[in-house]
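What follows is one structure encoded as structure tokens, with my remarks underneath.
The values are calculated or read from the model by the stated rules, or taken from the named source; none is laboratory data. This structure is a prediction, so every number in the text was calculated from the model and none was measured. We place every Cβ from the backbone using ideal geometry, glycine too, and count neighbours over all the protein chains shown.
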Amino acid sequence: MGAGALPSTGATCTPHWMTTPAWPTPKTCPTRPPRPAQPSSPAPPTCPDSTPRTSPAERHPRRPPPLVAAADQNATSSLSAASIVSVSALVFTVASFWWINARQGRLESWEPHSFAAIVHSSMVRLRFPLVLHNTGAKPIVVQDFRLSFPDEPASHLPLLWTSSPSRLQPGPDEESELPAGFVVAGREAQQRFIEFEAPFSGLIPEARDYKVRIQVRVGHRKGWRTLLTFTLRTTNIIHPDQ
């Protein structure tokens, strides 16, 4: 038997070779074919003399959100309200200072409840207790008084301020001062006895009611100003001995 020779038998057989792989082959997943590349869009032709194109964002800028706009409006309203409050406080301060310290008032008086009188054919003398009140902050300088009967045509001359007695009831021991200007301080009131007299005034009061007007001259005004108008009841004039 030579090497490599098989013994001959009655039947013939085909040689079968058994092969065993040294390492198992791993399974592979099928791969997708690559996508064809999309052709890029050609760039638009540019002209050398044309202006550059703007983007949509530049042509249409974004508007601020409504919340921001509302916040700005509230800030403006707050600023306006603060300005109004500040101006109002300043006006109130200036007005208060003027009202308390610099306001010029007026001189006012009221109807007297009593009076004294001397009446005869050649002279009429009337004495009244007057309460003078200054309604303002600045003082008022009183310069002069006079009395008239506006409804009596026979009264040609007004009765002038002749003295300032110390009391209403006339008497031998009273003290009397000549007419002199005086000051009524701001927001104060004072009582003064003012005596009016006119020789040959053309009017001799009778026992009836008369309308009397007292006028005053003050330092901060020109001319005569009506201070008081009231009814004088001369029926109450009696003789001192009665």
Criterion: surrounded by 15 or more Cβ atoms within 10 Å (Cβ to Cβ), small (Gly, Ala, Ser), over 30 Å from the mean Cα position of the chain (by Cα) and farther than 18 Å from residue 226 by Cβ - qualifying residue of 114, 163: 163
Residue that is touching an Asp or Glu at 6+ places or on another chain (Cβ under 6 Å) and assigned to a strand (DSSP E or B), where the choices are 167, 146, 125: 125
So residue 72, is it more than 16 Å from residue 187 (Cα to Cα), among the acidic types (Asp, Glu), out of contact with any His (no Cβ under 7 Å at 6 or more places or on another chain) and modelled with pLDDT of 80 or more: no
One residue from 143, 190 being polar (S, T, N, Q), surrounded by 13 or more Cβ atoms within 10 Å (Cβ to Cβ), closer than 30 Å to residue 101 by Cα and touching a Gly at 6+ places or on another chain (Cβ under 9 Å): 143
Sole exception among (1) loosely packed, with under 15 Cβ neighbours inside 10 Å; (2) without any contact (Cβ under 8 Å) to a residue 60 or more places away in the chain; (3) over 30 Å from residue 102 (Cβ atoms) for residue 180, by number: (3)
Near pairs, Cβ below 9 angstrom, 6+ apart or cross-chain, from segment 149-173 (touching a residue at least 60 places away in the same chain (Cβ under 8 Å) and more than 15 Å from residue 116 (Cα to Cα)) to any residue that is of a type in the set (Lys, Arg) and surrounded by fewer than 15 Cβ atoms within 10 Å (Cβ to Cβ): 149/211; 150/211; 151/211
